[in-house]
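Peer 1: Got a structure for you, questions after.
The values are calculated or read from the model by the stated rules, or taken from the named source; none is laboratory data. As the structure is a prediction and not an experimental result, all values here were calculated from the model. We place every Cβ from the backbone using ideal geometry, glycine too, and count neighbours over all the protein chains shown. With ligands, DNA and RNA removed, areas are computed over all heavy atoms of the protein, side chains included. Shrake-Rupley method; radii C 1.70, N 1.55, O 1.52, S 1.80 Å.
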Amino acid sequence: MSRQESREARSGLILVNVLFIVALSALVVLLMVSSQADAIDRTVKLREASQAGVIARSGELSAVTALRRDAVTAPETDNAAEPWAAIQEQDIAIEGGTFSLTITDDQARFNLNTVANGGLVTEDRLGKILAAVGLRPALRTPIIVLVRAGGPLADLNQLTTVGLTPAEIDTLRSLVTVLPQDTGINLNTADERMLALLFDSPMTASLLVRTRQRNRGALTPQDLARQSIYAPPGVGFTSNFFQVTSEVQVGDTRQRIVSSLIRQSGRRGPEVLVYSRRRTATASE
């Protein structure tokens, strides 16, 4: 090989090495930039999750405060026209996202755990509810046995152990719940279908709904007496169990907190406690 050819070969090799080093350097820079971008993305997501969590818990606190105040200012009734029910929000704009809050009265539905020691009245009521939602009457007995042997139930999904399908359980949810204590059904918040079951009369249910509307949401024992309506066992006009759902979207992060509340008398007056809290969080990729 001539000197000229040797120099050209070395130059070609050097060029290949240089190109390799440049490519390698570019790859390293790319990896560093990508790593930094991932770190920034993780930081943003953590900040969004933290912000969403704080806002969601603030919604829960708003409900607790409203229910405590209601127990002081209007202890004789709980109805949908009161301030505690008016704190609900739907997709209101907040910095970087949206916020929703709903509060519902858990005593607007039949508490399945009352069949544990409620006698024939609650057993009959359960049978009527099963019929109203189109479920088999034969389910009543195994449900009662389950509650009495293994109750109180913590979740309606436990009914799968006596043969109910998830779809059948979902049909019950509009009329049935499970609560940790014996409770009555609040006539001020029960819907018309529940009222019809309680009084064995769609006509009476319609009359009570109209009376509630005239009274700005509230029924009283006097309202029933004036219309010669007998209140069945296991009903009332107040509630102590509520459910609050806070949903927050901040950036790509969504958080949902479902809080179960109990209102009771404390040493310093009425208090509202969270006895169950379920949190779900998702983040877009």
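Peer 1: Could you give the alpha-carbon Rg of the stretch 136-270 over 2.2 N^0.38 Å, rounded to two decimals?
Peer 2: On the way: Rg = 18.3 Å, N = 135, 2.2 N^0.38 = 14.2 Å.
Normalised Cα radius of gyration, the stretch 136-270: 1.29.
Peer 1: Taking the Cα of residue 68, stepping 7 Å toward and past its beta carbon, and measuring to each backbone N in the stretch 250-271: which are under 12 Å?
Peer 2: 264, 266-271
Peer 1: Across bins of 10 angstrom width beginning at 0, how are the C-alpha pair distances of the stretch 218-276 distributed, in whole percent?
Peer 2: 17, 27, 27, 20, 7, 2
Peer 1: Find out how many positive minus negative residues lie around residue 185, taking Lys and Arg as positive, Asp and Glu as negative, among other residues whose Cβ is under 11 Å from that of residue 185. Please report the intermediate quantities before stating the final value.
Peer 2: On the way: positive: 109, 125; negative: 105, 106, 191.
Spelling it out: positives minus negatives among the neighbours equals -1.
Peer 1: Report Rg/Rh for the stretch 73-198, rounded to two decimals, where Rg is the Cα radius of gyration and Rh the Kirkwood radius. Could the numbers behind the result be given before it?
Peer 2: Numbers: Rg = 16.8 Å, Rh = 16.1 Å.
With Rg and the Kirkwood Rh in hand, the quotient comes to 1.04.
Peer 1: Please give the solvent-accessible surface of residue 155 in Å², to the nearest 10, using a probe radius of 1.4 Å with every protein chain present.
Peer 2: 60
Peer 1: In addition: Testing the spin-label approximation: label points 7 Å from Cα along Cα→Cβ at residue 120 and residue 273. State their distance in nm.
Peer 2: Those two pseudo-labels are separated by 3.7 nm.
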